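Trainee: Dropping the structure in here first, questions after.
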Number of protein chains: 2
Amino acid sequence: MTGAEQLLAALHAAGVDTCFANPGTTELDVVRAFEAVPGLRPVIGLQENVCTGGADGYARMLGRPAATLLHLGPGFANGIANLHNARRAHSPIVNIIGDHTSWHLPFDAPLTSDIESLARPVSGWVHRITSPAETAAVGAEAVRQSHARGGQSATLIFPADHQADPVPVEGAVALPQGAADGLPNDGDDVATALARLSQARRIVFLLGGGDELSGLGARAQCAVARLCQVLPATAYAETFPSRSERGQGLPAYDRLPYFPEPARAVLDPADLVVLVGAPVPITYFGYVGHPSQLVQDDRLLVLSRPGEAVAERLEHLAEILQAPPYAPTVLPLPEAPTGALTPAAVGRVLTAALPEHAIVSVEGGTCGYPFYAVSAAAKVHTTLTNTGGAIGQGLPVAMGAAIACPDRPVLALLSDGSTQYTIQTLWSLAHEKLNVVVLITANHQYAILRNELRRNGAPLSAQAAHLTDLGSPAIDWVGLAQAYGVPASRSTTAEELAAQLAHALDQPGPFLIEMAL
Amino acid sequence: MTGAEQLLAALHAAGVDTCFANPGTTELDVVRAFEAVPGLRPVIGLQENVCTGGADGYARMLGRPAATLLHLGPGFANGIANLHNARRAHSPIVNIIGDHTSWHLPFDAPLTSDIESLARPVSGWVHRITSPAETAAVGAEAVRQSHARGGQSATLIFPADHQADPVPVEGAVALPQGAADGLPNDGDDVATALARLSQARRIVFLLGGGDELSGLGARAQCAVARLCQVLPATAYAETFPSRSERGQGLPAYDRLPYFPEPARAVLDPADLVVLVGAPVPITYFGYVGHPSQLVQDDRLLVLSRPGEAVAERLEHLAEILQAPPYAPTVLPLPEAPTGALTPAAVGRVLTAALPEHAIVSVEGGTCGYPFYAVSAAAKVHTTLTNTGGAIGQGLPVAMGAAIACPDRPVLALLSDGSTQYTIQTLWSLAHEKLNVVVLITANHQYAILRNELRRNGAPLSAQAAHLTDLGSPAIDWVGLAQAYGVPASRSTTAEELAAQLAHALDQPGPFLIEMAL
């Protein structure tokens, strides 16, 4: 048994069944090792950010790590952006980075680089494997570390010789167990929480994303709705939840707005802001005239940290406060729109078409916000958003979610600018025959930047218009998808979109719809 | 004048006229500043590795830095792989990375990350701007630093507030000048060189790439040919030169082979290996049974370091040794191939078609080596290769070379696997209407990995075949190019390729040819 086979076997024994891979020469013994560990499925990506985003989507849906397999420092670097997003999503991931044979490293061959320096900013734990004998221990420890601090990247650097060399029959090396702390248990206790809740005159609950027991799981959302009935309170989702449940039967919470002015309109009037798995609200960027931390500590009550289970605690509070049971409101489906395709029309069409238990990966503001505004009336579904701001995350996350949940339909509601960063994902959708319907908002511009440039009322300068224009030439999204083996169509009206969406959801495998807005 | 305007003006004053840009919200004041510095041309890329590879190609052709403009840590991370290649090419580049407003950084907003840790592995100099007052000094120093150590990345981290804030009328801050060393002047002196050359019985010159005065510039190549006439010597180009001159009128040097066995067949018999701007020959990866350093120090003579001018020194040696003048051999053009498209046929067709002073960016072994085997018979041209092994470099480098040299035809001879990493470059070729002809070797596999997997004679396992297969579905390169606005055609025979290549070279703007091998 080689070191590579032992590592894969150890990861598999610890529950890892999927590896998003873009290997090179220094990972070939890991490639060979898949043969010996048939329960560990390799999923190939044409660029590394596809792989890391895939692992993020997988982890958000299943709460356990997939592995990635990446090629030395430069290959890993290509996947950093989506590991940054995964870090903000608290997604457990085990990265395997091949490196030069250990005795070759001092010679500074062309592909040599400082992998540790690249890995640390996105990894909670980085370990360089120093012999085949430690690979069993390392596999188990990496999975354990990936669950630390609410979920993080555990990154292994695996020199090629330690992959290829045999594991000694006797003398497996134990790894000194590093700290793999859970979350600090410093949420305010129930008595304190009750006291502060009963004294407050205006309360805002901020619900954070995560698994089914998080603030945006179904149970927590319903418990918060009960609390809102007996307290002077309203509730919002955090602006960019890693995962949240939404739709008929659940309360229709808005997300905290992105820009500081409307966010402050929500938060400033509250004398108590209750964090239910949401991070302390910070403006996305620094804006002159607005504080970075929108709510100072004295107005904050922390019921749970991001990644922490909170459903039971909320239900307990609701019982103590004798809140009546949650009674869902049946929301009418929005009227079917007609005519030109507008962001609002896209939101309504998608809301009406969404199958039960669909997963929707949302990236890009143009259609993302209008969809959220009406999607509470859709059948119950799960949304995944861009947590870290590194764009090019929506399509790989949809791919990973589809790998994780093959029985659930997956949709990706994306903007054209951001989707280009990881466009190669389309090939993996076709290669793996995944049930992913991709909706592209094709406005052929970096609209978010134009919005920011115009925030002060200034007109767009010629150079600024040039640098935010994606329209010359306009990318042909239908042709692009078809070139990657993904069937595609173009919608210019709401009726066309509705018909094409029904067709796309009805057929197996991926489909892309270019929405000409 | 804002800090951003001052920085751009200082860069422009120091000779920077091009900025490869993929900005976001934290770079908007740099975007605004382009209006005030019309001599500095922004070139937009849809993904950051397109921008950094473009700056690399630009620097290789002109020997001076372009700027890049990138979005915080995650945006910069997307461009690291091609900065790694640029580092190996000794390309001067000035990276501008926007960051959060300085007072916003402590709040760990979603896009916050450790930019310095990401930047150091690929940057010779990293500087965080701390006030608008220092931007004039910083711009000049960054350009100076980019030329240090034979050429390197100088990376600026530019918080948004220091971009936007006005530069004080008085009180410009000077920057403490850091060391910006040239190359260590430790090449062996002429007397030592002469003594060792005259004692050696079998000499191999290894020529390193770079500008016109480097080992692979025309003058040095001709001087080495003269030396080979009076010494028991042969000469090779380094395996992956950043830039080299080739074609009629120049000596027809082979490249040092990639794999260790044939490389050792060249080097082992020599009792003296003379480095003419080439690095010490190191195997690309560590191979059991082969030393990493293929020539030990006692057999090495260093005439010049990578990036150092060497033409004059070589000519001086040739004069002392009374070598006769260089007399070029006229090489016959290879016979026009017919029938099925093979790598050898591609090499011959391209050699025959190459216009004088063309620039050829080569990435991928399948057609790269066969082209090199015959291209000495082509009209004089410049080749650029992948210096650092991070694939996805060939197309952006071609783009940057075309921006740098608008009057020279540019060709990119690329493999399908590697081109996918930065496929978005196609859009920039169309957007900028660049005269770049892209030739794609479409064999729908990671052929280099299959070659490595089969090196020991082992058959390809099912999983290894799966992980190196790009054929299901086969990417439609013609459709892909057209979707990005690049006209394209497909060749299946040598005659078709010759006709399509003539057509592509004849028309303005980019063109892509899928070569079905």
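The values are calculated or read from the model by the stated rules, or taken from the named source; none is laboratory data. A quick note: this is a predicted structure, and the numbers were derived from the prediction, not measured. So basically every Cβ, Gly included, is an ideal-geometry build from the backbone, and we count neighbours across all protein chains shown.
Trainee: Looking for whichever is buried (at least 24 other Cβ atoms within 10 Å of the Cβ), farther than 21 Å from B:H84 by Cα and not assigned by TED's automatic domain parsing to the domain that holds A:G217 here; the options are A:D17, A:D29, A:D99, A:D56. Which one fits?
Mentor: On the way: A:D17 fails: buried (at least 24 other Cβ atoms within 10 Å of the Cβ); A:D29 fails: buried (at least 24 other Cβ atoms within 10 Å of the Cβ); A:D99 fails: farther than 21 Å from B:H84 by Cα.
Of the residues listed, the single one that is buried (at least 24 other Cβ atoms within 10 Å of the Cβ), farther than 21 Å from B:H84 by Cα and not assigned by TED's automatic domain parsing to the domain that holds A:G217 is A:D56.
Trainee: So which residues in region A:465-478 are free of Cβ contacts under 8 Å to residues at least 40 places away in the same chain and in a loop (DSSP other than H, G, I, E, B), if there are any at all?
Mentor: Kept after step one, since they are free of Cβ contacts under 8 Å to residues at least 40 places away in the same chain, are these residues of region A:465-478: A:465-469, A:471-474, A:476, A:478.
Hits for region A:465-478 are A:T468, A:S472, A:P473, A:D476.
Trainee: Another question about this same structure. Just need a number here: residues in region B:447-483 that are within 20 Å of B:I391 (Cβ to Cβ) and among the hydroxyl-bearing types (S, T, Y).
Mentor: Of the residues in that region, 1 qualify.
Trainee: Can you tell me which residue within region B:119-146, out of those that are among the aliphatic types (A, V, I, L, M) and under 21 Å from the mean Cα position of the chain (by Cα), is surrounded by the most Cβ atoms within 10 Å (Cβ to Cβ)?
Mentor: In this case the residue turns out to be B:V122.
Trainee: Condition (residue is more than 9 Å from chain B (Cβ to nearest Cβ) and polar (S, T, N, Q)) applied to region A:26-39: is it met by at least one residue?
Mentor: no
Trainee: Test A:A402 against the stated conditions and say whether it is more than 14 Å from every other protein chain (Cβ to nearest Cβ) and closer than 28 Å to A:P328 by Cα.
Mentor: Details: more than 14 Å from every other protein chain (Cβ to nearest Cβ): yes; closer than 28 Å to A:P328 by Cα: no.
When the stated conditions are applied, A:A402 does not pass them.
Trainee: Shifting gears a bit: Only one residue in A:A494, A:A447, A:A502, A:A498 is surrounded by fewer than 16 Cβ atoms within 10 Å (Cβ to Cβ), small (G, A, S), more than 11 Å from every other protein chain (Cβ to nearest Cβ) and in contact (Cβ under 8 Å) with a residue 24 or more places away in the chain, so which one is that?
Mentor: Numbers: A:A494 fails: surrounded by fewer than 16 Cβ atoms within 10 Å (Cβ to Cβ); A:A447 fails: surrounded by fewer than 16 Cβ atoms within 10 Å (Cβ to Cβ); A:A498 fails: surrounded by fewer than 16 Cβ atoms within 10 Å (Cβ to Cβ).
Of A:A494, A:A447, A:A502, A:A498, the one residue that is surrounded by fewer than 16 Cβ atoms within 10 Å (Cβ to Cβ), small (G, A, S), more than 11 Å from every other protein chain (Cβ to nearest Cβ) and in contact (Cβ under 8 Å) with a residue 24 or more places away in the chain is A:A502.
Trainee: Within region A:362-414, restricting attention to residues that are in contact with a Pro (Cβ under 9 Å, 6 or more places away or on another chain), in a strand (DSSP E or B) and not aliphatic (A, V, I, L, M), which residue is farthest from A:Q507 (Cα to Cα)?
Mentor: Here the residue is A:T385.
Trainee: Taking the stated definitions as given, is A:L395 farther than 21 Å from A:A89 by Cβ, touching a residue at least 60 places away in the same chain (Cβ under 8 Å), in contact with a strand residue (DSSP E or B) (Cβ under 8 Å, 6 or more places away or on another chain) and within 14 Å of chain B (Cβ to nearest Cβ)?
Mentor: no
Trainee: Turning to a different aspect of this structure: Might you check whether a residue that is assigned to a loop (DSSP other than H, G, I, E, B), away from chain A (no Cβ under 14 Å) and under 19 Å from B:L384 (Cβ atoms) occurs anywhere in region B:424-439?
Mentor: Going residue by residue through region B:424-439, those that are assigned to a loop (DSSP other than H, G, I, E, B) are B:424, B:432-435.
In the following step, the residues that additionally are away from chain A (no Cβ under 14 Å) were identified as B:435.
Cutting the leftovers down to under 19 Å from B:L384 (Cβ atoms) gives us B:435.
There is at least one residue in region B:424-439 that is assigned to a loop (DSSP other than H, G, I, E, B), away from chain A (no Cβ under 14 Å) and under 19 Å from B:L384 (Cβ atoms).
Trainee: Let me ask another. Does region B:470-491 hold any residues that are facing chain A (nearest Cβ under 8 Å) and not hydrophobic (A, V, I, L, M, F, W, C), and which are they?
Mentor: Across region B:470-491, the qualifying residues are B:S472, B:P473, B:D476, B:G479, B:Q482, B:Y484, B:G485.
Trainee: Would you be able to say whether some residue in region A:57-69 is touching a residue at least 60 places away in the same chain (Cβ under 8 Å), of a type outside the set (A, V, I, L, M), within 14 Å of chain B (Cβ to nearest Cβ) and part of a loop (DSSP other than H, G, I, E, B)?
Mentor: No, region A:57-69 contains no residue that is touching a residue at least 60 places away in the same chain (Cβ under 8 Å), of a type outside the set (A, V, I, L, M), within 14 Å of chain B (Cβ to nearest Cβ) and part of a loop (DSSP other than H, G, I, E, B).
Trainee: May I ask you to list the residues in region A:100-145 that are outside any helix (DSSP H, G or I), more than 8 Å from chain B (Cβ to nearest Cβ) and free of Cβ contacts under 8 Å to residues at least 60 places away in the same chain?
Mentor: We begin by selecting, within region A:100-145, every residue outside any helix (DSSP H, G or I); these are A:100-101, A:108-114, A:123-131.
Applying the additional criterion that residues be more than 8 Å from chain B (Cβ to nearest Cβ) yields A:112, A:123-131.
Residues satisfying the conditions are A:T112, A:S123, A:G124, A:W125, A:V126, A:H127, A:R128, A:T130.
Trainee: Return yes or no: is B:G417 more than 21 Å from B:T329 (Cβ to Cβ), in a helix (DSSP H, G or I) and in contact with a Leu (Cβ under 8 Å, 6 or more places away or on another chain)? Break it down into steps so the answer makes sense when it comes.
Mentor: Details: more than 21 Å from B:T329 (Cβ to Cβ): yes; in a helix (DSSP H, G or I): yes; in contact with a Leu (Cβ under 8 Å, 6 or more places away or on another chain): yes.
For B:G417, the condition - more than 21 Å from B:T329 (Cβ to Cβ), in a helix (DSSP H, G or I) and in contact with a Leu (Cβ under 8 Å, 6 or more places away or on another chain) - is met.
Trainee: Inside region A:274-333, can you point out the residues that are among the charged types (D, E, K, R) and more than 18 Å from A:S242 (Cα to Cα)? Let's see the steps before the verdict.
Mentor: The first filter runs over region A:274-333 and keeps only residues among the charged types (D, E, K, R), leaving A:297-299, A:305, A:308, A:312-313, A:315, A:319.
Of everything in region A:274-333, those that are among the charged types (D, E, K, R) and more than 18 Å from A:S242 (Cα to Cα) turn out to be A:D297, A:D298, A:R299, A:E312, A:R313, A:E315, A:E319.
Trainee: Another one. Please state which one of B:A442, B:A462, B:A458, B:A481 is of a type in the set (A, V, I, L, M, F, W, C), free of Cβ contacts under 8 Å to residues at least 24 places away in the same chain, farther than 22 Å from B:Y287 by Cβ and in contact with a helix residue (DSSP H, G or I) (Cβ under 9 Å, 6 or more places away or on another chain). Break it down into steps so the answer makes sense when it comes.
Mentor: On the way: B:A442 fails: free of Cβ contacts under 8 Å to residues at least 24 places away in the same chain; B:A458 fails: farther than 22 Å from B:Y287 by Cβ; B:A481 fails: free of Cβ contacts under 8 Å to residues at least 24 places away in the same chain.
Residue meeting the stated conditions: B:A462.
Trainee: Looking only at residues in region A:457-491 that are within 22 Å of A:P343 (Cα to Cα) and among the β-branched types (V, I, T), which one is surrounded by the most Cβ atoms within 10 Å (Cβ to Cβ)?
Mentor: Applying the filter and picking the extreme gives A:I475.
Trainee: Determine whether A:G368 is closer than 30 Å to A:L449 by Cβ and touching a Cys at 6+ places or on another chain (Cβ under 9 Å).
Mentor: Numbers: closer than 30 Å to A:L449 by Cβ: yes; touching a Cys at 6+ places or on another chain (Cβ under 9 Å): no.
It is false that A:G368 is closer than 30 Å to A:L449 by Cβ and touching a Cys at 6+ places or on another chain (Cβ under 9 Å).
Trainee: Between B:H84, B:H90, which is crowded, with 22+ Cβ neighbours inside 10 Å and assigned to a loop (DSSP other than H, G, I, E, B)?
Mentor: Only one candidate qualifies: B:H90.
Trainee: Give region B:205-228 a look and list any residue that's among the aliphatic types (A, V, I, L, M), buried (at least 22 other Cβ atoms within 10 Å of the Cβ) and either outside any helix (DSSP H, G or I) or on the phi > 0 side of the Ramachandran plot (or both), or say none.
Mentor: Correct list: B:L206, B:L207, B:L216.
Trainee: Have a look at A:D407, A:D416 and point out the one that is surrounded by 24 or more Cβ atoms within 10 Å (Cβ to Cβ) and not small (G, A, S).
Mentor: Numbers: A:D407 fails: surrounded by 24 or more Cβ atoms within 10 Å (Cβ to Cβ).
Within the list A:D407, A:D416, the selection yields A:D416.
Trainee: How many of the residues making up region A:283-316 are in contact with a strand residue (DSSP E or B) (Cβ under 8 Å, 6 or more places away or on another chain) and touching a residue at least 60 places away in the same chain (Cβ under 8 Å)?
Mentor: 11
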